[in-house]
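Report on one structure; see the data block that follows.
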Amino acid sequence: MKKQKLMPIFEMGKFFYKDPCFQYNSKGNMEIIYKYCYGPIEVLIYGITKKKEFYFDWTFPECYPGDSELEREYKIISKERLLEAVNIEIAACEKEENNELAEKYRLAVEMIEAGSY
């Protein structure tokens, strides 16, 4: 059995962040921004599909507060919208002095702008 490498998790504000992933996962997606929180449960993912499309995937409570049903919004977005989202996260990282994660997001911007995905 292959040992799975654990990704670092960063906490900023109410969200926990996974490192940007520069490889496609088993679902065929490259998750650039992956952040989640537990109260209320919410997951936001920005990434690139195996078809080289940019996407936004958001899971959230249907009728917050008190509803246990989760809704999911998934849509294809523009390259510019993905870059905007990454740059917002870079600014948040800089504000929180999380230089390690900010640098990883800068690498993601470089990769996206160069079309190296």
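Quote the charge dipole size of the stretch 68-113 about the Cα centre in Debye, to the nearest 20; the model charges only the Cβ of Lys and Arg (+1) and of Asp and Glu (-1).
On the way: 7 positive and 13 negative charges, 43 e Å.
Approximately 200 debye in magnitude.
Modelled label-to-label distance, R72 and R106, 7 Å Cα→beta-carbon offset: nm?
Output for this residue pair reads 3.5 nm.
Over the stretch 43-117, what is the mean sequence separation of C-alpha contacts under 8 Å (at least six apart), divided by residue count, expressed as relative contact order in percent? Intermediate values should be presented prior to the final figure.
Numbers: 89 pairs, mean separation 16.6, N = 75.
It comes to 22 percent, rounded to a whole number.
In whole angstrom, note down how far apart the Cα centers of the stretch 76-117 and the stretch 27-62 are.
So the separation of the two Cα centres works out to 14 Å.
Extending each Cα 7 Å along its Cβ direction at K79 and K14, get the distance between those two points in nm, one decimal.
3.5
Readers should treat all values here as calculations from the given coordinates under stated rules, not as data from a laboratory. Note that the structure is predicted; figures quoted are calculated from it, not measured. Positions of Cβ are generated from backbone atoms using ideal geometry, with glycine treated the same way; all protein chains shown enter the neighbour counts.
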